[in-house]
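The values are calculated or read from the model by the stated rules, or taken from the named source; none is laboratory data. Note that the structure is predicted; figures quoted are calculated from it, not measured. Neighbour counts run over all protein chains shown; Cβ positions are idealised from the backbone, glycine included.
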Amino acid sequence: MLFISERLRGQRMAGRLLAMAEKEAKVRGCIGTYIDTVNPVARRTYERAGLECSAGSKILQAATISAG
């Protein structure tokens, strides 16, 4: 689970944390991710990071972790 403390929000910490998680996932051989949120602010953060939203759903998914 990833969580940004309220006092650290608004400092682009979420984007950095997601990038670090993606990097670690690649090291571990992961090929995809699954994210579930009902928080609209978090949803926008995930979308800015390139994760896609399922139509009509509050579930966000990225089909694959980029190879680069």
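Tabulated values for the structure
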| item | result |
| --- | --- |
| So GLU24, is it among the acidic types (Asp, Glu) and either surrounded by 11 or more Cβ atoms within 10 Å (Cβ to Cβ) or at pLDDT below 85 (or both) | no |
| Residue selected from region 27-68 under the condition loosely packed, with under 10 Cβ neighbours inside 10 Å and at pLDDT 80 or above, by the criterion nearest to PHE3 (Cα to Cα) | PRO40 |
| Contacts under 8 angstrom Cβ, first residue in region 36-47 being in contact (Cβ under 8 Å) with a residue 12 or more places away in the chain, partner acidic (Asp, Glu) and surrounded by 12 or more Cβ atoms within 10 Å (Cβ to Cβ), 6 or more apart | none |
| Subset of region 1-29 (residues that are part of a loop (DSSP other than H, G, I, E, B) and either acidic (Asp, Glu) or more than 14 Å from the chain's Cα centre (by Cα) (or both)) | SER5, ARG9, GLY10, GLN11, ARG28, GLY29 |
